[in-house]
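Heads up, the thing below is written out as structure tokens.
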Amino acid sequence: MGVQISPSILSADFAELAVECERVAGYADWLHVDVMDNHFVPNLTLGLPVVAALLRRVSTPIDCHLMIDDPDRWAPQYAEAGVGSVTFHVEAAANPKALARSLRAAGSRAGAALKPATDVDSYADLLRELDMLLIMTVEPGFGGQGFLDSMLPKVRRARALVGDLQLWIQVDGGIGEGTIEACAEAGADVFVAGSAVYGAADPAQACRRMRAQAEQATAKSWWCGT
Ligand code: DX5
Ligand code: ZN
């Protein structure tokens, strides 16, 4: 599939969401929508009604990152609404394997996210149930935080565990022109960026530049180099 860019609308103007989404149309592979419930993380954003409204207005596929308790109960509804990729946190899920299967059965790609302290090896058996693994590179909850360099070995380990599986590795948190190359080199192929895109004067050009950087770094990487 190659490099994919997923701008996070958490850093966009919430009063102008559909307009903000269109600013990256043609430059973004996905729109990353952060759902926070003020329980799993200490912040509150938006939920299914807003996501459903965006699905009606926006042409770019939506990548929902659910930072919520009890995703076993709530996540399938996002898939049924037409979200292209639904990611839940393994720390919150009672039965990650069954949840991943129900997301796929509802027609979505299934993603699982790991907080910085969550070990990837513990979830090696889950990988075959997934379409994407999200390695958080900040503590989930807020945009604009500094990238955790200590997550790079985890990305590398995740890429090794993925092997020949058709599984994307997403990184989220502190991704920008200064950090995207290291993530691509380590093994990530889907890049979420909030402040680096929506804080830029031209969000579309920020996507274009980051994609070019990631593609160059991937071509030289240990896992994809030729
Ligand atoms: C944080 C969210 C991120 C956030 C990233 O919990 O999951 O998607 O928008 O923002 P930046 O790119 O500014 O770190
Ligand atoms: Zn996110």
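FYI, it's all coordinate maths here, none of it is from the lab. Everything numeric here is computed off the predicted structure, so don't read it as measured data. Note that we place each Cβ from the backbone using ideal geometry, even for glycine, and neighbour counts take in every protein chain shown.
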Where Lys and Arg each count +1 and Asp and Glu each count -1, what net charge lies around Glu20 among other residues with Cβ under 12 Å from its Cβ?
-> -1
Would you mind checking which residues have amide H under 5 Å from Met136's amide H? H placed 1.01 Å from N; only 5 or more apart, or other chain.
-> Leu114
Net charge (Lys, Arg +1; Asp, Glu -1) of residues whose beta-carbon lies under 12 Å from that of Ile135, Ile135 excluded, is +2
Starting from the Cα of Ala52, step 7 Å along the direction of its Cβ; do the same at Gln216; then give the gap between the two resulting points in nm.
-> 4.6
Of the candidates Ser122, Val197, Ser85, the farthest towards the positive dipole end of region 4-219 (Lys/Arg Cβ +1, Asp/Glu Cβ -1, centred on the Cα centre) is Ser85
Cβ under 10 Å from Asn43's Cβ, Asn43 left aside: what net charge do those residues give with Lys, Arg +1 and Asp, Glu -1?
-> -2
Taking only Cα atoms of the chain, radius of gyration then Dmax in Å = 15.9, 45
Shape box of region 1-125 [Cα atoms, principal axes, largest first, Å] = 40, 34, 27
Kindly identify region 58-143 as rounded, prolate or oblate by the Cα gyration tensor criterion: order the square roots of the eigenvalues as a ≥ b ≥ c, call it rounded if a/c is under 1.5, otherwise compare a/b with b/c, prolate if a/b is larger, else oblate.
-> oblate
If packing is taken as the mean number of other Cβ atoms within 10 Å per residue, what is the order of 206-216, 165-175, highest first?
-> 165-175, 206-216
